[in-house]
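First up is the structure itself, then whatever we jot down about it.
The values are calculated or read from the model by the stated rules, or taken from the named source; none is laboratory data. Everything numeric here is computed off the predicted structure, so don't read it as measured data. All Cβ positions, glycine included, derive from the backbone under ideal geometry; neighbour counts span all protein chains shown.
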Amino acid sequence: MPTARDKSAPQRAMERLGLVRDIDLALHLPLRYEDETRLDAIADVRDGETAQVEGEVVDNRVEQRGRRQLIVRIADAGGELVLRFLNFYPSQQKQLALGNRVRVRGEVRGGFLGREMVHPVVKVLNGDLPLPQALTPVYPASAQLPQAYLRKAVASALARAPLEELLPPGQLPPGLPSLREALQFLHHPPPGAPLAAFEDHSHPAWQRLKFDELLAQQLSQLQSRDERAALRAPALQDTALPAQLRAALPFALTAAQERVVAEIGADLARPRPMNRLLQGDVGSGKTVVAALAAAAAIGAGWQCALMAPTEILAEQHFRKLIGWLEPLGLKVAWLSGSRKGKGRKAMLEQVASGDAALVVGTHAVIQDDVVFARLGLAVVDEQHRFGVAQRLALRAKLEEQRLEPHLLMMSATPIPRTLAMTYFADLDVSTIDELPPGRTPVVTKVFADGKRDLVIAKIRDEVAKGRQVYWVCPLVEESEHVDLQNATATHAQLSEALPGVMVGLLHGRMAAAEKAAVMSLFSGGQMQVLVATTVIEVGVDVPNASLMVIEHAERFGLAQLHQLRGRVGRGAVASVCVLLYTAPLSDTGKARLRAMAETTDGFEIARRDLEIRGPGEFMGARQSGDALLRFADLAEDSALLQQARELAALLLRRHPAAARAHVDRWLGGKAEFLKA
Ligand code: ADP
Ligand code: MG
């Protein structure tokens, strides 16, 4: 076995991209193509075009024009072209010796000396150099992974990869080529291939890849559904405790909340583990639904765990749930990564003894040292923030007990329902599609950053009315330092402009205890203005906050802006969201801000987001923490998805070996992850 050290830099770079098996490389598609199959006559080439011409070197000199450069003239039967090299090696000079015949390729532009190519690719012609028969693929490359290396690696992997047809004859949707043909075509398309159909992924070769990918996905989902059907979970049915909780709530549930509570209740009452996604727009009231589910579990004599992606969120949940559940005589434990020592030990003991009915925390809850006496229900908030691997760890851990717990995931990033149901064959979906009554929709205004003073005046008004204000600064990982400075500078500016007002600062670099202190001042109402990086993105609940200012709004994604805006408009007071942008705005930036100003409906936002970002990214890396689909697009390929789903069911019934081979080809070692 070669060790890491024996591997070349390009090999290691390939591995980092997940290009390990031949099939991985074969599935690594070009970004675009270059057409080196044709030659242009020098007289025909035009400014701005990429051209390939052949000619004889008729002049070759090194000149000092501002800087030292090599200037070469080549000629064919009808014209002349200048080649200019600002950096050059003696070997290049030799290549371009007078009288040599060369083939050059590059972008043509009108230069001082006439039409020219700067730094073209040059091949010396010794006798005949046949033109390639196929377009040349251009792969995403880097300094560690040069284009030429990758081309060779892909071409030889493509030749070696076991690409035999795995599907039984007659089962493919009509018109699709074999996988081998499809890949051959996509890596090395013949001259004149319909490149537009490659780009919009409508070409049959693309369709075949999408179909195979969706098939693998469906197979893995169906398999995991079957496996789950064989698992046992405690049947959690209690009506007394949920009824007590309802009676103590200061509000009545909305019809949508009632519906999802019933759906979840029915799942919990069955002796099979629930695997349900609860989706609902920000502010739609998912927490109380989770609390009612927890009450059903606890009333039936089991424990419940509730996990949130950040400490702040977990603590918010904790406070809310303690307020609801402790009056009913239940013990709620709070576990977090930062809680160490005796306090932590005591908590762990309460969890292990079963004393703590509900455990709230960050994913620290799933760390090795947490042992539940009788875990019956696990609730995962803002599921898209959780790595699939983490969810998997949770499940594997719970398998040590004989019974599986029920699993409820909550998300404010809506997936169109029918799509979710088809795609996640192993996931049931409940949707809260209405907001609690009495909310005044948030009014959104878009201002250029020059209007900052106006916005600060508005803050002063709100604070004078006894309201609270969020001011959000962007946090981009690569420039964390700079962003921190922005947040700090804004904090200083606001503190100065608002004498007598308590302005707090919250960012990711602060210690957990510090964050908690700031957050509790703000939610307690003593602090009126909170300047924050996106740590408040999900779930924070301060109903008295009526104004949110988002600085550099153009840097945020649409889903993120929507999440942020959801932090205001939580009470009855009319709320405003101000999006401050710094010009110039890109087209997508404009479209995003316009969408925000025009609608507050999360499903509509998700639809626009899809439209603006274009296909391919929906539910992709950004939302789920890991790219689930590389080729197919759920919104566009619903017909293929349906076909894949039908074939997956058939394969599992009649051709289990083909099903296994297909999943292995496509998902390899990743299959296990996709179940979580
Ligand atoms: P999210 O779905 O974004 O997690 P929350 O659960 O935080 O929303 O609920 C938002 C706010 O609405 C909370 O203050 C919550 O107590 C309140 N709430 C939830 N359900 C109702 C309801 N049926 N009527 C009135 N207020 C409600
Ligand atoms: Mg929430």
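Return a yes/no flag: does region 167-190 have any residue that is among the charged types (D, E, K, R), under 20 Å from residue 24 (Cβ atoms) and assigned to a loop (DSSP other than H, G, I, E, B).
Checked region 167-190: no residue is among the charged types (D, E, K, R), under 20 Å from residue 24 (Cβ atoms) and assigned to a loop (DSSP other than H, G, I, E, B).
Yes/no per residue for (1) within 16 Å of ligand 2 (Cβ to nearest atom); (2) surrounded by fewer than 21 Cβ atoms within 10 Å (Cβ to Cβ); (3) over 28 Å from the mean Cα position of the chain (by Cα); (4) more than 19 Å from residue 444 (Cβ to Cβ):
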residue	(1), (2), (3), (4)
524	no, yes, yes, yes
544	no, yes, yes, yes
553	no, no, no, no
571	yes, yes, yes, no
580	no, no, no, no
590	no, yes, no, no
595	no, yes, no, no
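Looking at residue 25 and the list (1) touching a Ser or Thr at 6+ places or on another chain (Cβ under 9 Å); (2) part of a strand (DSSP E or B), which single condition is not satisfied?
Residue 25 satisfies every listed condition except (2).
Take residue 301 and tell me if it is touching a Lys or Arg at 6+ places or on another chain (Cβ under 9 Å), at pLDDT 90 or above and surrounded by fewer than 24 Cβ atoms within 10 Å (Cβ to Cβ).
Yes: the conditions hold for residue 301.
List pairs: first residue in region 565-592 and part of a helix (DSSP H, G or I), second residue among the acidic types (Asp, Glu) and away from ligand 1 (no atom under 16 Å from the Cβ) anywhere in the structure, Cβ distance under 6 angstrom, at least six positions apart or on different chains.
Taking only residues 6 or more apart or on different chains, the pairs are 589/554.
Which of (1) buried (at least 22 other Cβ atoms within 10 Å of the Cβ); (2) within 16 Å of ligand 1 (Cβ to nearest atom); (3) touching a residue at least 60 places away in the same chain (Cβ under 8 Å) is the odd one out, the single condition residue 295 does not satisfy?
(3)
Could you check how many residues of region 295-335 are under 23 Å from residue 265 (Cβ atoms), within 15 Å of ligand 2 (Cβ to nearest atom) and not in a helix (DSSP H, G or I)?
The total comes to 3.
Could you please find all residues in region 230-284 being loosely packed, with under 15 Cβ neighbours inside 10 Å, within 16 Å of ligand 1 (Cβ to nearest atom), free of Cβ contacts under 8 Å to residues at least 40 places away in the same chain and not in a helix (DSSP H, G or I)?
250, 252
Of all residues in region 556-580, how many are away from ligand 1 (no atom under 16 Å from the Cβ) and at pLDDT below 85?
3
Between 322, 312, which is more than 25 Å from residue 428 (Cα to Cα) and under 29 Å from the mean Cα position of the chain (by Cα)?
Checking each option against the conditions leaves just 312.
If residue 288 passes every condition in (1) more than 16 Å from ligand 1 (Cβ to nearest atom); (2) surrounded by fewer than 24 Cβ atoms within 10 Å (Cβ to Cβ); (3) modelled with pLDDT of 95 or more but one, which one does it miss?
Tallying (1) more than 16 Å from ligand 1 (Cβ to nearest atom); (2) surrounded by fewer than 24 Cβ atoms within 10 Å (Cβ to Cβ); (3) modelled with pLDDT of 95 or more, residue 288 fails exactly one: (1).
Please pick out the residue among 444, 413 that is modelled with pLDDT of 95 or more and in contact with a strand residue (DSSP E or B) (Cβ under 8 Å, 6 or more places away or on another chain).
Just one listed residue meets the conditions, 444.
Are there any pairs, at least 6 apart or on different chains, whose C-beta atoms fall under 6 Å, with the first in region 424-448 and under 30 Å from residue 644 (Cβ atoms) and the second within 16 Å of ligand 2 (Cβ to nearest atom) and in a loop (DSSP other than H, G, I, E, B), and if so, which?
Correct list of pairs: 432/284.
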